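Below you'll find the structure, written out as structure tokens, and then a few comments.
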Amino acid sequence: MTMTANKIALSERYTALFHANRARLDEGSSNLINRMRDIAIKRFEKVGIPGFKNEDYKYTNLERVFDQDYRHILEYEKVDIDLNEAFRCDVPQLDTHVVLLVNGWYYAKNQPLQNLPKGVVVGSLQEVANEQPELVQDYLNRQAGLSEDPIVALNTALAKDGFFLYVPDHVVLEKPIQVINLMRAEDAVFATQRNLIVVGKNSQAKVIFCDHTLSARDFLTNNVTEVFVGEDAVADVYTVQNQDNQANSINSSFFKQGANSNLLTSVATLHGGLIRNNLKVEFAGEHAEANVYGMSFTDKKQHVDNFTNIEHAYPNCLSNQVYKNVLDEDSVGAFTGRIHVVRDAQKTNAFQRNNNVLLTDSAKMNTKPQLIIDADDVKCSHGATVGQIDEEALFYLRARGIGESDARMMLMNAFAHEVVQNIRVEPLRDRIDELVEKRLRGELARCHSCDMS
Amino acid sequence: MLTIKNLRVAVEGKEILKGINLEIKAGEVHAIMGPNGSGKSTLGNVLAGKEEYEILEGEVLYEGQDLLDLSAEDRSRMGLFLGFQYPVEIPGVPMVNFIKTSVNEHRKFKGLEPLTAGEFLKLMREKKELVHLDSQLTNRSVNEGFSGGEKKKNEIFQMAMLEPKLAILDETDSGLDIDALRVVSEGVNALKNPERSAIVITHYQRLLEYIVPDFVHVLYQGRIVKSAGKELALELEEKGYDWLKK
Ligand SMILES: Nc1ncnc2c1ncn2[C@@H]1O[C@H](COP(=O)(O)OP(=O)(O)O)[C@@H](O)[C@H]1O
Ligand SMILES: [Mg+2]
């Protein structure tokens, strides 16, 4: 079979799956979700699973991970153990509201969250869309629906559940919400997860996503998150990716920011097989600020691709991106950073930097800035480096009695620290510092933050 | 303490040191002078264990051990200290972590317990005062944003923290004003005792007014072309190097 024929066959498998399960997809889901499916599957069909010829996916061929016989989970499956019992975050200082999801679904036995401010809703997207559609209807798919990405469209076609957070106007949610995404099955599973976060005007919220696997199987997660940050609101969204290397995931996040809003988002990738993170920020008002950070530490045959797209649609906004990767062994990384400044978005500040350290000759990094600037009064900068560890610095440390491996560790930690230090939740910052160090020492086989084995 | 025998060193296939012989006894201060490009820093780096050099021939004994066989970190732990001509900036590595790790590695090597936080801070305060190092500098990353003079003082500060047996100071005086020079020299002199030695690499004889050497050597094109007492430094100041370049 030729590549193209194979690609068609592969994509058709997913459309066939959709049509064969059309009724089951609708079952139990709100019309708000179901009404998007047919348009979405058509959009998916048009492009199909992106191959290497797709410009946006040129560094990550998804055909390999899609070409598997996965089981799709089309209704909630009971979990035979109590995840609340089994899961215990060992960071007691990390005082969060914990919410568990399993294979893309909101866990039915989540403990009720105590002392949430009035009007704050945390729960299952499916359930909230059914019971309080007014909280969902103005937001769901309002950003993702504009995307040309076939994987996002596939998510919209197949999604039934995910994490939902609503913070009304003028509410400060002090405690972060910690969303633990767990993959757990004895067979190959494809999870479709759809998240929606709404932070009202002049409100504040912090969300921490932790991606884990509880079993080592071939998993593929197609995760889409839409985040609406209201005027004058402050939102933090952190993601710690620490899945088994047999697990693959595509995570697409869409942020829409109102005037004067402030966003901080940061992703730390520790373990996982093939990971693609799509991130889009769109400013929907002036004087908004987005700080976007990412770091990855990879080895073996890991593949991590960060693809960002900042849409400066209004004047006087600031975006700042820093992505750093440390690549060991045969791992491969990619970074594409697109910045679009529209014609009237004057006084835009848009900065981007991507620094990479290759620890071996076989590790590989692709980095590509894409600046499209249609306004004249803007400040934009971008820079990318791919290098080895600084030998002069290494010698300096060793010449003071610090052993070679400790010295290397110090330098890699220092490299990562520029990203870590921006985390605004202090215990999380310390925790990530520690995780990064363990990861670099090779001591972190899976996430130690849960006792689950 | 240190015996260098017929040391020949190449870098990228080019021979830089062409047969160095030098004997340094405990308690002695040796000055190495010579025009730029003579190989002074190369000598210091080779002694400290920098790896990019190829040893073509020769032997170096440090306290009776084959120095060239040891890693850079072990040389440091055994009391050899190189004050760098160009100290490197290491963003993201805090000074305090760096110094603490360094001091405790030295202690571990000697079979001593790490310093407590209190002991460490006290020691650091003491040594900072000794070299008049701006207190704020230890809150930064290693050498990050330090001025030239601050970097040099920082080298002397580290030396004071580690109390080496053999200090090699590579142009620690260049770029320093007279006050800083005095401070740096005081730092060096404060360490002086009959068990400790120093190699002071310098361009100018000015530093040698403060740190009085027992011997002065002129390194030129990879060879020691002249060795004499401290009066040689003055002679060089007056006549330059040309009379030695035959
Ligand atoms: N890493 C290196 N690569 C190539 N050439 C070098 C390197 N280090 C030193 N050299 C050369 O060796 C010679 C001696 O340099 P150096 O030891 O720095 O001299 P000095 O300290 O006396 O000024 C110079 O010609 C210099 O260019
Ligand atoms: Mg030099």
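Rule-based calculations on the coordinates, nothing more; no lab input. A quick note: this is a predicted structure, and the numbers were derived from the prediction, not measured. Don't worry about glycine lacking a Cβ; one is built from the backbone with ideal geometry, like all the others, and counts go over all protein chains shown.
Some observations on this one:
- Projected onto its three principal axes, the C-alpha set of the stretch A:87-198 covers 40, 40, 23 Å, listed from the longest axis down.
- At R0 = 41 Å, FRET efficiency that the Cβ-Cβ distance of residue B:209 and residue B:136 yields, to 0.05: 0.85
- Cβ-based charge dipole, the stretch B:2-244, positive-most Cα from B:34, B:168, B:4: B:168
- Here r is the Cβ-Cβ distance between residue A:329 and residue A:142 and R0 is 56 Å; the resulting FRET efficiency, rounded to 0.05, is 0.85.
- Projecting the Cα positions of A:98, A:227, B:154 onto the charge dipole of the protein assembly as shown (unit charges on Cβ atoms of Lys, Arg, Asp and Glu, taken about the Cα centre) puts A:227 furthest along the positive direction.
- Shape call, the stretch A:129-267: gyration tensor on alpha carbons, a/c limit 1.5: prolate
- Full-extension gain in nm, residue B:113 to residue B:54, via 0.36 nm per residue minus C-alpha separation: 17.6 nm
- Percent of Cα pairs exceeding the 48 Å cut-off, where the set is the protein assembly as shown: 32
- Peptides B:138-150, A:380-392 ranked from most to least packed, by the mean per-residue count of other Cβ atoms within 10 Å: B:138-150, A:380-392.
- Remark: spin-label model distance residue A:114-residue A:301 equals 4.7 nm, labels positioned 7 Å along the Cα→Cβ axis.
- Segment residue A:186-residue A:385, length gained on full extension (0.36 nm per residue, minus Cα span): 67.5 nm
- Net charge over other residues, Cβ less than 9 angstrom from the Cβ of residue A:328 (K, R count +1; D, E count -1): -2
- Around the amide H of residue A:334, modelled in the peptide plane, lie the amide H atoms of A:304, A:305, A:306, A:366, all under 5 Å away and 5 or more residues distant in sequence or on another chain.
- Rg/Rg_ref, the stretch B:192-237, where Rg_ref = 2.2 N^0.38 Å and atoms are Cα: 1.17
- In a simple Cβ point-charge model (Lys, Arg +1; Asp, Glu -1; nothing else charged), the stretch A:3-441 has a dipole of about 480 debye relative to its Cα centre.
- Straight-line cross-link partners of residue A:42 among the lysines, defined as a Cα under 21 Å from its Cα and at least 8 positions apart when in the same chain: A:7, A:53, A:160.
- When you count the other C-beta atoms within 10 angstrom of each residue and take the mean per peptide, A:265-272, A:341-348 line up highest first as A:265-272, A:341-348.
- Shielding of A:401-411 by partner chains, average beta-carbon count, 10 Å: 6
- Long-range amide H partners of residue A:381 with built H, under 5 Å: A:350, A:351, A:352
- Here r is the Cβ-Cβ distance between residue A:34 and residue B:12 and R0 is 41 Å; the resulting FRET efficiency, rounded to 0.05, is 0.05.
- Remark: the stretch A:285-301, residue by residue, has Karplus-estimated 3J(HN,Hα) of x, 7, 6, 9, 10, 10, 10, 10, 10, x, 8, 9, 10, 10, 8, 6, 9 Hz, where x stands for each Gly or Pro and the curve is 6.51 cos²θ - 1.76 cosθ + 1.60 at θ = phi - 60°.
- Largest to smallest principal axis extent of the C-alpha atoms in chain B, angstrom: 57, 39, 35
- Karplus (6.51, -1.76, 1.60) ³J(HN,Hα), θ = phi - 60°, over the stretch A:97-110, in Hz, Gly and Pro reported as x: 8, 9, 10, 9, 10, 10, 6, x, 10, 5, 5, 5, 9, 4
- Average beta-carbon neighbours from other chains, 10 Å sphere, peptide B:101-107: 4
- Dividing the mean sequence gap of close Cα pairs (under 8 Å, 6+ apart) by how many residues the stretch A:3-441 holds gives a relative contact order of 10 percent.
- For the pair residue A:406 and residue A:426 in one chain, pulling the backbone fully straight at 0.36 nm per residue adds 4.7 nm over the alpha carbon distance.
- Scattering curve values for the stretch B:85-143, log₁₀ I(q)/I(0), Debye with Cα scatterers, q = 0.18, 0.20, 0.23 Å⁻¹: -0.70, -0.84, -1.04
- Relative contact order (percent, whole number), chain B, Cα cutoff 8 Å, 6+ residue spacing: 28
- Calculated from backbone phi, Karplus (6.51, -1.76, 1.60) coupling profile of the stretch A:30-45 in Hz, x at Gly/Pro: 5, 4, 4, 8, 5, 5, 8, 5, 5, 5, 5, 5, 5, 5, 4, 4
- Largest first, the extents of the alpha carbon coordinates of the stretch A:337-452 on the three principal axes equal 54, 39, 28 Å.
- Cα convex hull of the stretch B:47-180, projected area averaged across orientations, nm²: 9.1
- Close amide H partners of residue B:223, meaning residues 5 or more places away or on another chain with modelled amide H under 5 Å apart, are B:18.
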